[in-house]
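Visitor: Have a look at this one.
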Amino acid sequence: MQKKQTKPLYIRNANEVITLKDSSSTPLKKEKMNDLKVIHNGSVWIENGIIQAVSSDHELTQKYEDRIQEAEVIDATGKVVMPGLVDPHTHLVYAGSREAEFHMRLNGATYMEIMNSGGGIHATTSKTRAATEEQLYEESKNRLNKFLLHGVTTVEAKSGYGLDWETERKQLTVAKKLHEDHPMDIVSTFMGAHAIPQAYKNNPDIFVSKIINEMLPKVAADHLAEFNDVFCEEGVFTPEQSKRVLLAGKEFGLIPKIHADEIVSYGGAELAAEVGAISADHLLKASDQGIQMMAEKGVIAVLLPGTAFFLMTEAANGRKMIDAGVPVALSTDCNPGSSPTCSLPFIMNLASMHMGLTVEEAITAATINAAHAINRGKEIGSLEVGKKGDIVILDIPNYKQLNYHYGMNHTDTVIKNGIIVVKAGSLCQ
Ligand code: IZC
Ligand code: ZN
């Protein structure tokens, strides 16, 4: 797909342009999450992939009077224009699928029981180890296309289905290649500490040392990731082991992230605050003290209500976290076991229905706060002069309909780096 646009792009006269304009360079908290800074009858001028102006159609038509002829014009009359959605937590690069486990769960088995009997993450690890780099690339590219069709223009992608260096590197290499070849931007996270491999079942600390002494140095030396994540959960990595891995990653310049307090309350939120993680993700069972500590340290809560939905458990208490002053972001958690979806808009709907977020808070959480959760708050997540031309045009007359028609895809047009990549709901080739 093409990566360069020569003509300026002029998106004109949207019913609503959701700008999320904010002069601070930190994630939005509390009542600020409700302020979308909407322009009615708004327009956006993009050039060289970067937003040059966002204002009323009247103002921009005057400003660019002499240049409209040379621009490619998109008429957004009757529609909503908003920042491209950002997904800050995905397990994008994997092989195969696990629908058989879904049926086992429908018959009463739990996610952890399946994992402990050698399925779950272990099943995907076997398939990912066996896949060629080309197969992994094709499967992951397919998912990226589905994300784009749902208005997502940047995703974070974790490794963690190798649990050996060769396969972890293969996953991170695929993510890097897709970042270069595909219109989507991909931000990589190393997650060697995703599960204890079967071979180390009785010696988990030896595996932890392997991650620290053998894998992390190579991730850093080859610039394969920016973040370092750990599945801190009872039966997986203890808070002590998680802390070792995260602090060691920090020594190599990798920013900590944590899968925290998903299934039991395990001190994950507290650990996130203690090690200075950029985000703590899941948090269904986070303690009040952990939430308080996250608020004090400004750790972003990346909430994944699709996972609770798919595992048929109660979602995290997003309302309580926002009220406590924790900046909240949203994500699909796209993975083959606990959240096989690329629909971030559906996750936004769940955030309102099952976590008590307003429509406005859900939009903030899937754009500017999600961008901050992957350290991209200065480049994406809002429509402001100087930011990337990453924009979604929705075929709805006002943003409140985004969460209202649940399970539907309103994406009409997607613009990535100032280039139209989805038109009338279909991918441009
Ligand atoms: O493949 O099950 N929770 N990691 C932690 C996952 C879910 C992914 C999976
Ligand atoms: Zn995850």
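The values are calculated or read from the model by the stated rules, or taken from the named source; none is laboratory data. The structure displayed is predicted, hence computed values, not measured ones. Cβ placement follows ideal geometry from the backbone for every residue including glycine, while neighbour counts extend to all protein chains displayed. Note: accessible area is taken over every heavy atom of the protein model, side chains too, but ligands, DNA and RNA are not part of it. Shrake-Rupley method; radii C 1.70, N 1.55, O 1.52, S 1.80 Å.
Visitor: Considering only region 143-151, I want to know if a residue exists there that is in contact with a helix residue (DSSP H, G or I) (Cβ under 8 Å, 6 or more places away or on another chain), within 13 Å of ligand 1 (Cβ to nearest atom) and aliphatic (A, V, I, L, M).
Guide: Taking region 143-151 as the starting set, the residues that turn out to be in contact with a helix residue (DSSP H, G or I) (Cβ under 8 Å, 6 or more places away or on another chain) are 144, 147, 150-151.
Restricting the remaining residues to those that are within 13 Å of ligand 1 (Cβ to nearest atom) gives none.
Within region 143-151 (the criterion being in contact with a helix residue (DSSP H, G or I) (Cβ under 8 Å, 6 or more places away or on another chain), within 13 Å of ligand 1 (Cβ to nearest atom) and aliphatic (A, V, I, L, M)), the answer is no, since none of the residues qualifies.
Visitor: While we're here: Keeping to region 79-109, report how many residues are surrounded by fewer than 15 Cβ atoms within 10 Å (Cβ to Cβ) and touching a Phe, Trp or Tyr at 6+ places or on another chain (Cβ under 7 Å).
Guide: Result for region 79-109: 0.
Visitor: Residue by residue through region 279-302, note down the ones that are within 14 Å of ligand 1 (Cβ to nearest atom) and either crowded, with 24+ Cβ neighbours inside 10 Å or closer than 21 Å to residue 340 by Cα (or both).
Guide: Listed by number, the residues that qualify are 280, 281, 282, 283, 284, 302.
Visitor: I would also like to ask the following. Please work out which one of (1) free of Cβ contacts under 8 Å to residues at least 24 places away in the same chain; (2) within 16 Å of ligand 1 (Cβ to nearest atom); (3) within 23 Å of residue 176 (Cβ to Cβ) is the condition residue 88 fails and give its number.
Guide: Failing condition for residue 88: (1).
Visitor: Give the residue, chosen from 276, 267, 235, that is surrounded by fewer than 22 Cβ atoms within 10 Å (Cβ to Cβ) and within 13 Å of ligand 1 (Cβ to nearest atom). Lay out the reasoning, then the answer.
Guide: Details: 276 fails: within 13 Å of ligand 1 (Cβ to nearest atom); 267 fails: within 13 Å of ligand 1 (Cβ to nearest atom).
Being surrounded by fewer than 22 Cβ atoms within 10 Å (Cβ to Cβ) and within 13 Å of ligand 1 (Cβ to nearest atom) holds for just one of 276, 267, 235, which is 235.
Visitor: Being among the small types (Gly, Ala, Ser) and closer than 28 Å to residue 226 by Cβ is the filter here, so list the residues in region 279-314 that pass it.
Guide: Across region 279-314, the qualifying residues are 279, 280, 286, 290, 295, 298, 301, 306, 308.
Visitor: List pairs: first residue in region 266-284 and in contact (Cβ under 8 Å) with a residue 40 or more places away in the chain and of a type in the set (A, V, I, L, M, F, W, C), second residue part of a strand (DSSP E or B) and away from ligand 2 (no atom under 14 Å from the Cβ) anywhere in the structure, Cβ distance under 8 angstrom, at least six positions apart or on different chains.
Guide: 278/255; 278/256; 278/300
Visitor: Turning to a different aspect of this structure: Please count how many residues of region 151-175 are polar (S, T, N, Q) and surrounded by fewer than 23 Cβ atoms within 10 Å (Cβ to Cβ).
Guide: Final tally of qualifying residues: 2.
Visitor: Quick check on this structure: which one of 108, 42, 96 is in contact (Cβ under 8 Å) with a residue 40 or more places away in the chain and either away from ligand 2 (no atom under 16 Å from the Cβ) or closer than 22 Å to residue 304 by Cβ (or both)?
Guide: After applying the criteria, what remains is 96.
Visitor: All but one of (1) under 28 Å from the mean Cα position of the chain (by Cα); (2) more than 16 Å from ligand 2 (Cβ to nearest atom) hold for residue 88; which doesn't?
Guide: (2)
Visitor: Residues of region 20-74 being in a loop (DSSP other than H, G, I, E, B), touching a strand residue (DSSP E or B) at 6+ places or on another chain (Cβ under 9 Å) and on the phi > 0 side of the Ramachandran plot, which ones?
Guide: Listed by number, the residues that qualify are 20, 37, 49.
Visitor: Here is a further query. In region 327-381, how many residues are out of contact with any strand residue (DSSP E or B) (no Cβ under 8 Å at 6 or more places or on another chain), hydroxyl-bearing (Ser, Thr, Tyr) and within 16 Å of ligand 1 (Cβ to nearest atom)?
Guide: Number satisfying all stated conditions: 3.
Visitor: Right, another one. Given the criteria among the hydrophobic types (A, V, I, L, M, F, W, C), in contact (Cβ under 8 Å) with a residue 12 or more places away in the chain, open to solvent by less than 30 Å² (accessible area, probe 1.4 Å) and more than 29 Å from residue 412 (Cα to Cα), does residue 76 qualify?
Guide: Details: among the hydrophobic types (A, V, I, L, M, F, W, C): yes; in contact (Cβ under 8 Å) with a residue 12 or more places away in the chain: yes; open to solvent by less than 30 Å² (accessible area, probe 1.4 Å): yes; more than 29 Å from residue 412 (Cα to Cα): no.
Against the criterion (among the hydrophobic types (A, V, I, L, M, F, W, C), in contact (Cβ under 8 Å) with a residue 12 or more places away in the chain, open to solvent by less than 30 Å² (accessible area, probe 1.4 Å) and more than 29 Å from residue 412 (Cα to Cα)), residue 76 does not qualify.
Visitor: What's the total number of residues in region 303-326 that are within 13 Å of ligand 1 (Cβ to nearest atom), touching a strand residue (DSSP E or B) at 6+ places or on another chain (Cβ under 8 Å) and open to solvent by less than 10 Å² (accessible area, probe 1.4 Å)?
Guide: 3
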